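Presented below is the structure to which this report refers.
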Amino acid sequence: MKWKILIVDDSNVVKAVLMKALGESGAPIQSVFDASNGKEALDTLRTESIDLVFADINMPVMNGVELVESMADDPALKGIPIIMVSTDGSVSRKEYLQSKGVRAYVRKPFTPEQIRTVVREVMLGR
Amino acid sequence: MAVDNLLSSRAMENAVISVLNDMAATRVWVIRPEDPPRFDQAPMHAHITFEGPSSGELGLLMENSLAADLASRILGVDESRDLLQEMVVDAVKELLNVICGQFLTQRFGYEPAFTLGVPRVFPLSAQACNVLITGPSILIFQSGDSILPAYVRVKSRTA
């Protein structure tokens, strides 16, 4: 089975760097979708069968925390694994997001190796 | 107040050095010239605000050539062939966004939660920049032959 991945970030640079890292990770990827904020992400999540979400926190329109809360409240989206990728170092916010179902947290700046490792941990449990 | 400014300045110095190294494989260091350097042409000015237990702003000034070099390193693309100005601006914004996150952790630790504004890049005349870089909250970094002035201002603190 190949995965459909959604990247949610308002920075085209982060999207490009993440796509490159995912492409080099060896992960079985069918396609990568992108969104610039939480609202756009929810639109994509409701029309595509997404297997994994990468999301930033600080975004205009709808931020990453609001996206995670919306997904947690929606039975159809609740089980989709989410990896947060953010500059935010707050422990309390990280714990809150994990309580809402976030599976992993990667701090910017990240390396391709970190992305490969976190995808393996979240999607394959190793 | 003086101690706060010194702590902020040190946190900013560490954040800029580590983020440029980690994101753009670029080594920078702080210089303290007797006479402040001057821009002959309007540089790129990147600015971001933050709010939380303290609020404030950070900024970077850089020539377009340095911005393009950093962007090409971040994106892993050829500067002369594949780099659009839009990508350069986006890369500088993201660089400042990450620097701001690192600064806040270095300055205030992991517990307070801050909300970052959306980074903006906008032109500032060479004359205005040359006035700005004589201010007290300026750090001047050097990267190769280029200078990279940066500023941080922590505006207020609540109990």
What lysines could a cross-link reach from A:Lys4, if we take a straight Cα to Cα line under 30 Å and drop same-chain neighbours fewer than 8 places away? A:Lys15, A:Lys20, A:Lys39, A:Lys78, A:Lys94, A:Lys100, A:Lys108, B:Lys93
Quick check: residue separation of B:Ser80 and B:Asp145 times 0.36 nm, minus the Cα distance between them. What number comes out in nm? 21.5 nm
Near the amide H of A:Phe33, under 5 Å away, which other amide H atoms are found, from residues 5 or more places off or on another chain, if H is placed in the peptide plane? A:Ile5, A:Leu6, A:Ile7
Can you list the HN-Hα couplings for segment B:88-98, worked out from phi with the Karplus curve (6.51, -1.76, 1.60; θ = phi - 60°), rounded to whole Hz and with x for Gly and Pro? 4, 4, 5, 5, 5, 4, 5, 4, 5, 4, 6
Which listed residue (B:Ala126, B:Ala68, B:His47) has the Cα farthest towards the positive end of the charge dipole for chain B, taking +1 on Lys and Arg C-beta and -1 on Asp and Glu C-beta about the Cα centre? B:His47
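In segment A:48-89, which GluC sites (Glu not before Pro) are in a loop and have at most 15 other Cβ atoms within 10 Å, using DSSP for the loop call? Could the numbers behind the result be given before it?
Working: sites: A:Glu48, A:Glu66, A:Glu69; in loops: A:Glu48.
Here the sparse-neighbourhood loop sites are A:Glu48.
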So if we plug the beta-carbon distance of A:Leu124 and A:Glu95 into 1/(1 + (r/R0)^6) with R0 = 22 Å, what FRET efficiency do we get, rounded to 0.05? 0.35
Phi-based couplings in Hz for segment A:98-115 (Karplus 6.51, -1.76, 1.60; Gly and Pro marked x): 5, 5, 9, x, 5, 8, 7, 9, 10, 8, 6, x, 10, 10, x, 5, 4, 5
On a full-extension model of 0.36 nm per residue, what is the gain between A:Thr47 and A:Glu24, subtracting their alpha-carbon distance, rounded to one decimal in nm? 5.6 nm
Need the C-alpha centroid separation for segment B:102-159 versus segment A:48-126, integer Å. 28
Going residue by residue through segment A:26-43, the Karplus relation 6.51 cos²θ - 1.76 cosθ + 1.60 with θ = phi - 60° gives ³J(HN,Hα) values, rounded to whole Hz and with x marking Gly or Pro, of x, 5, x, 9, 7, 7, 10, 9, 9, 9, 9, 6, x, 5, 4, 5, 4, 4
Could you work out how much longer the chain between B:Ile31 and B:Asn5 gets when fully extended? Use 0.36 nm per residue separation minus the Cα distance between them, nm to one decimal. 7.6 nm
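What's the longest piece of chain B with no exposed trypsin sites (Lys or Arg not before Pro), counting a site as exposed if DSSP puts it in a loop and it has at most 14 other beta carbons within 10 Å? Please list the in-between numbers first.
Details: sites that count: B:Arg27, B:Arg38.
Longest gap between qualifying sites, sites excluded: B:39-159.
Treating only the Cβ atoms of Lys and Arg (+1) and Asp and Glu (-1) as charged, compute the dipole magnitude of segment A:3-124 about its Cα centre; round to the nearest 20 debye.
Details: 14 positive and 17 negative charges, 64 e Å.
My answer is approximately 300 debye.
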Which cross-chain or sequence-distant (5 or more) residues have an amide H under 5 Å from the amide H of B:Ile138, H modelled 1.01 Å from N in plane? none
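Rule-based calculations on the coordinates, nothing more; no lab input. On a predicted model such as this, the values are computed, not experimentally measured, just so you know. FYI the Cβ positions are ideal-geometry reconstructions off the backbone, even for glycines, and counts take in every protein chain you see.
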